[in-house]
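Colleague: Shown below is the structure under consideration.
The values are calculated or read from the model by the stated rules, or taken from the named source; none is laboratory data. The structure presented is a predicted model; accordingly, all values stated were derived computationally and were not measured. Note that we place each Cβ from the backbone using ideal geometry, even for glycine, and neighbour counts take in every protein chain shown. Only protein heavy atoms, including side chains, enter the accessible area calculation; ligands, DNA and RNA are left aside. Shrake-Rupley method; radii C 1.70, N 1.55, O 1.52, S 1.80 Å.
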Amino acid sequence: MRILIVEDEPGIFNFLKQGLEEESYAVDIAEEGKKGLELALTGEYDLLLLDWMVPGISGIEICRQFRKEFQETPVIFLTAKDTLDETILVFNLALMTT
C-alpha cells in the first residue's frame, strides 16, 4: 500500500511516516500544497493523508482537484480545525464523487 502525506510539520509527518513504514507501507511526504497536489495527481496512491493548512495550496483544494480524477481513493484529513461546519465540509469533500 502506498500513502501520500501532505503535512508541513516535521514532527507530525516524521511520526506518521515512521509508524506507517514500520507496518510495511510505502510513504511519500509533501511539505507544501503545490508539491502535494503534483504527487497526488501523478502518483498511484492507496490513501492520502492531508493537512488542511499547508503552505501554498490547501489540503481542501488538493482534495477538490484530486477528487475530479480519483473517486475511489480514500482521503483522511489531519487538522486542528474543530467546528461543526469545518468538520462537515471536509467530511463531504473527502467523500465527494462526481
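Colleague: Pairs of lysine in the chain with Cα under 20 Å and at least 8 positions apart or on different chains: total?
Modeller: Taking the chain as the scope, the lysine pair count is 4.
Colleague: Which one, L4, L16, G59, is farthest towards the positive end of the dipole of the chain when Lys and Arg carry +1 and Asp and Glu -1 on their Cβ?
Modeller: So the residue furthest toward the plus end is G59.
Colleague: Per residue, how much accessible surface does the chain expose to a 1.4 Å probe? Answer in Å², no decimals. Before the final figure, lay out each step's value.
Modeller: Values: 5780 Å² over 98 residues.
With all protein chains present, the chain gives 59 Å² per residue.
Colleague: Moving to a separate point now. Full extension from L41 to E61: what is 0.36 nm times the residue separation minus their Cα-Cα distance, to one decimal in nm?
Modeller: Numbers: separation 20, 0.36 × 20 = 7.20 nm, distance 1.25 nm.
Fully extending the segment from L41 to E61 adds 6.0 nm.
Colleague: Still on this structure, please answer the following. Where does the chain land on Rg(C-alpha)/(2.2 N^0.38 Å)? Can you show the working numbers first?
Modeller: Working: Rg = 12.6 Å, N = 98, 2.2 N^0.38 = 12.6 Å.
That ratio works out to 1.00.
Colleague: Per-residue ellipticity at 222 nm for the chain, helices alone: DSSP H runs ≥ 4 residues times -39500 (n - 2.57), over residue total, nearest 500 deg cm²/dmol? List each step's numbers first, then the result.
Modeller: Details: 4 runs with 46 residues, N = 98.
Here the helix-only value at 222 nm equals -14500 deg cm²/dmol.
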